[in-house]
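Student: Got a structure for you, questions after.
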Amino acid sequence: MDREQSWQVIAEQRLGLARLLEGLADGEWEQPSLCAGWRVRDVAAHVAMAPQVPGLGSMLADGLRARGSFHRLNHDAAVRHAARPTPEIVAELRTHAESRRLPAVTNYRNILFDVLVHTQDIAIPVGRNVPMPLDAAQAGATRVWTMGWPFWARHRLRGVRLLATDIDWSAGAGPELHGLIGRLLLLLTGRTSTALPHLSGPGLLTLTERSALPRADIDHG
């Protein structure tokens, strides 16, 4: 996908997430998301914040509070933003859906897979089915596979060959692991226990043993 196509999908995903969120009950906003330690509302706030680039002073203050930890900075900023009323978070997603503003530390390729994955972080725990656009998921999978930090996908998934069953995409070498590109993207970004039940092939045993998941957790899907 080129830059223009990517931004179009990003806008569509932000608007789709807004529609999903406005249909949630109050209790669903408080449910754990697929991100460990993040509620649904925290993930929603994180996505809403992405196009609202903070000033340098605010970023420095956040960095000091997080003691230099990028993950802690991300989490704490999202939690603070998540304290806003839920209609306000939904409204922000709509207002900034087409914004192309970016923090200096990222780019549109990262924002593309970020909004795809975070939508699933919310949708799956609350039982909503939100299909990923195939071309966008393919682009996201390629980006995550090649980027290294923070997912280190090539290291974590070494020794298996990932093969999408719904679009032409593959990566790695070894016993094959088959699945929909959206599920492979979740695996690549560390949502292992969510992705593995929906994957198949001889490479599944390799990853199951590596992640120490009980067999019952991967055989029911």
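The values are calculated or read from the model by the stated rules, or taken from the named source; none is laboratory data. This structure is a prediction, so every number in the text was calculated from the model and none was measured. To get the accessible areas, we keep the full protein, side chains included, count just its heavy atoms, and leave off ligands, DNA and RNA. Shrake-Rupley method; radii C 1.70, N 1.55, O 1.52, S 1.80 Å.
Student: Would you look at the GNM of the chain, springs on alpha carbons closer than 10 Å, and say which of Val115, Val43, Val160 moves the most?
Tutor: Val160
Student: Given the whole protein assembly as supplied and a 1.4 Å probe, what does the accessible area of Arg183 come to in Å², nearest 10?
Tutor: Answer for Arg183: close to 60 Å² accessible.
Student: Another question, then. Can you give the Kirkwood hydrodynamic radius for the range 99-146, in Å, rounded to one decimal and based on Cα pairs? Could the numbers behind the result be given before it?
Tutor: Working: mean 1/r = 0.0857 Å⁻¹.
Taking every pair of different Cα atoms in the range 99-146, averaging 1/r and inverting gives 11.7 Å.
Student: Find the accessible area per residue for the chain; the probe is 1.4 Å, ligands and nucleic acids are left out, and the unit is Å².
Tutor: That works out to 49 Å² per residue.
Student: Same structure, new question: Take the alpha-carbon positions of the range 113-221, form their convex hull, and give its projected area averaged over all directions (one quarter of the hull surface) in nm². Could you put the intermediate results ahead of the total?
Tutor: Numbers: hull surface 24.9 nm².
The Cα convex hull of the range 113-221, projected and averaged over all directions, gives 6.2 nm².
Student: In whole angstrom, and with the biggest value first, how far do the Cα coordinates of the chain range along each principal axis?
Tutor: Sorted from largest, the Cα extents of the chain read 49, 36, 35 Å.
Student: Pull out the extension gain between Glu22 and Arg128, defined as 0.36 nm times the separation in residues minus the alpha carbon to alpha carbon distance; nm, one decimal.
Tutor: Working: separation 106, 0.36 × 106 = 38.16 nm, distance 1.26 nm.
Length gained between Glu22 and Arg128: 36.9 nm.
Student: Let me ask you something else. Which one of Glu98, Glu88, Glu209 has the biggest mean-square fluctuation once the chain is modelled by GNM with Cα springs under 10 Å?
Tutor: Maximum among the listed residues: Glu209.
Student: Also, I was wondering about something else. Alpha carbon centre of the range 178-200 versus the range 1-26: separation in Å?
Tutor: 21
Student: What does the helix-only formula give at 222 nm for the chain: each DSSP H stretch with n ≥ 4 adding -39500 (n - 2.57), the total divided by the residues, and the result rounded to the nearest 500 deg cm²/dmol? Numbers along the way, then the final one.
Tutor: Values: 13 runs with 126 residues, N = 221.
Mean residue ellipticity, 222 nm, calculated: -16500 deg cm²/dmol.
Student: Mind computing the radius of gyration and Dmax over the alpha-carbon atoms of the range 138-179? Å is fine for both.
Tutor: 9.9, 27
Student: Ignoring everything but the protein chains, give the 1.4 Å probe accessible area of Phe113 in square angstrom, nearest 10.
Tutor: 10
Student: Also, I was wondering about something else. Using a 1.4 angstrom probe on the protein heavy atoms only, could you order Leu134, Leu112, Leu73 from most to least accessible area? It would help to have the intermediate numbers written out before the result.
Tutor: Numbers: Leu134 70, Leu112 5, Leu73 50 Å².
Descending order: Leu134, Leu73, Leu112.
Student: Please report, as a whole percent, how much of the solvent-accessible surface of the range 86-166 comes from carbon and sulfur atoms (probe radius 1.4 Å). Intermediate results must be reported in sequence, preceding the final value.
Tutor: Values: 2080 of 3890 Å².
Roughly 53 percent, rounded to a whole number.
Student: Give the ranking of Asp42, Asp168 by solvent-accessible surface, highest area first, calculated with a 1.4 Å probe. Mind dumping the intermediate values first?
Tutor: Working: Asp42 5, Asp168 135 Å².
Accessible-area ranking of Asp42, Asp168, largest first: Asp168, Asp42.
Student: In the full protein assembly as shown, how much of Glu30 is accessible to a 1.4 Å probe, in Å² to the nearest 10?
Tutor: It works out to around 80 Å².
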